[in-house]
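The values are calculated or read from the model by the stated rules, or taken from the named source; none is laboratory data. All of these numbers come straight from a predicted model, not from anything done at the bench. Methodologically, a virtual Cβ is constructed for each residue, glycine included, from the backbone with ideal geometry; neighbour enumeration extends over all protein chains shown. Accessible surface areas use protein heavy atoms only, side chains included; no ligands, DNA or RNA. Shrake-Rupley method; radii C 1.70, N 1.55, O 1.52, S 1.80 Å.
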Amino acid sequence: MNRTIRPTRRSLVRLATLLGLASLAPGLSGCVTEDLATSSSAPERQSNIDVSPVLLVATTRKPVGSPPKSPYFSSERGRGLSFAEVRLSAPDRSLIGKVSSVVTGDWGVAAVPQIETGPGAAGAFAQAAFGRDVLIYVHGYRESFQSAALSAAKLSDGIRFRGASALFTWPSAAATFDYGYDRESALWSRDAFEDLLKALANSPSGGRINIVAHSMGTLLTLETLRMLRAEAGEAAMARIGAVVLAAPDIDIDLFTSAIQRMGPDVKKVTVISSTNDRALELSGAIAGGIVRAGAADRERLEALGVRVADASDYGGGLINHDLFLSNPEVQGVVKRAISRGAGGGS
């Protein structure tokens, strides 16, 4: 196993600088060499979240205020699972709006009318999604509730998802130097995430559960799916459609062990990787030097039985850590994975 030197304060400062500049990365060109499915030539449809800008949120964060007030959910750990139907402000699709969004951003959190916390939260989420496929976004390290919510909306809109858009958000401190707190908070949230997936799997609606997890959120997702498979069995796993792990921030040994426990469900997993992901390079140094799964060689990942979209050729930016939110070709990988999960492709 290859190790690098342990991080210095200088390397951590470099990480802070890079993450702060991530939004300045230029546009990238080329195509993801997925070699798994061809892209569709069908015309794009309007996303459901653009028609009805509502995001279903399940969270282990502590709610803010009663009634809820901004920022609605803090970085502290709450008491069990909470559920909210979050009202979003959709982007202005006019030419003036597109120009201004470069400076101000496009999606926004407009209101959180009510929060339900406790044993009924998972069931309330399942009821809100009843009769529809659901896309759950699980965010990564250094994310606030607001930034995670906007990423969930951007992802769902970007792939033109037609079902219920959702977010599972855990108590990230949203601070560069709190990597340890974030990792422990993500793992602490496993039981709550499992309760949510069980409630969705037990719902008679028949909808598919699709999960897109990013960075540290992939660790939470894999651990929860392992628990779900062990405790709820094949019937629950049958409701899982696609599992997309974007830039997984998990050491390769732990990732290998988790994937091997997926059994036949490994075919549902797609990994978006990049060997020049600078954020993963530095998080690997922080975590002891073992290569992260999202920065591993494609051949090593494919040997585990997962599908791999290698985005290494998209190396024009400073970070290369969240291309699934900004690059149409990488978003196409997510769309095809969901299509396969619904039986729409091989």
Could you give every pair whose Cβ atoms fall below 7 Å, whose first residue belongs to the range 137-148 and is at positive phi, and whose second residue is in a helix (DSSP H, G or I) and open to solvent by 10 Å² or more (accessible area, probe 1.4 Å), counting only separations of at least 6 or pairs across chains? R142/L19
Answer residue from the range 230-279, given it is part of a helix (DSSP H, G or I) and in contact (Cβ under 8 Å) with a residue 60 or more places away in the chain and is least open to solvent (accessible area, probe 1.4 Å) among those: A279
Contacts under 9 angstrom Cβ, first residue in the range 47-60 being surrounded by fewer than 20 Cβ atoms within 10 Å (Cβ to Cβ), partner in a strand (DSSP E or B) and hydrophobic (A, V, I, L, M, F, W, C), 6 or more apart: V54/V86; V54/L88; V54/A164
For residues that are in contact with a Ser or Thr (Cβ under 7 Å, 6 or more places away or on another chain) and more than 21 Å from A186 (Cα to Cα), tally how many sit in the range 243-280. 3
Collect the residues in the range 299-346 that are at pLDDT 85 or above, part of a loop (DSSP other than H, G, I, E, B) and under 16 Å from the mean Cα position of the chain (by Cα), keeping them in residue-number order. N327
Taking G158 as the residue in question, decide whether it is within 14 Å of the chain's Cα centre (by Cα), open to solvent by 20 Å² or more (accessible area, probe 1.4 Å), in contact (Cβ under 8 Å) with a residue 40 or more places away in the chain and closer than 25 Å to G206 by Cα. yes
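Each row is one residue, and each column tells you yes or no for (1) modelled with pLDDT of 95 or more; (2) of a type in the set (V, I, T); (3) not in a loop (DSSP other than H, G, I, E, B).
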position	(1), (2), (3)
R132	yes, no, no
R142	no, no, no
L150	yes, no, yes
F168	yes, no, yes
Y181	yes, no, yes
S185	yes, no, yes
A192	yes, no, yes
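Does S172 satisfy the criteria of being crowded, with 23+ Cβ neighbours inside 10 Å, hydroxyl-bearing (S, T, Y) and either touching a residue at least 60 places away in the same chain (Cβ under 8 Å) or over 18 Å from P53 (Cα atoms) (or both)?
Values: crowded, with 23+ Cβ neighbours inside 10 Å: yes; hydroxyl-bearing (S, T, Y): yes; either touching a residue at least 60 places away in the same chain (Cβ under 8 Å) or over 18 Å from P53 (Cα atoms) (or both): yes.
Against the criterion (crowded, with 23+ Cβ neighbours inside 10 Å, hydroxyl-bearing (S, T, Y) and either touching a residue at least 60 places away in the same chain (Cβ under 8 Å) or over 18 Å from P53 (Cα atoms) (or both)), S172 qualifies.
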Specify the residue that is modelled with the lowest pLDDT; the eligible residues are those in the range 72-92 that are open to solvent by less than 60 Å² (accessible area, probe 1.4 Å) and assigned to a loop (DSSP other than H, G, I, E, B). P91
Filtering the range 207-224 down to residues that are surrounded by 21 or more Cβ atoms within 10 Å (Cβ to Cβ), part of a helix (DSSP H, G or I) and out of contact with any strand residue (DSSP E or B) (no Cβ under 7 Å at 6 or more places or on another chain) yields L219, L222, T224
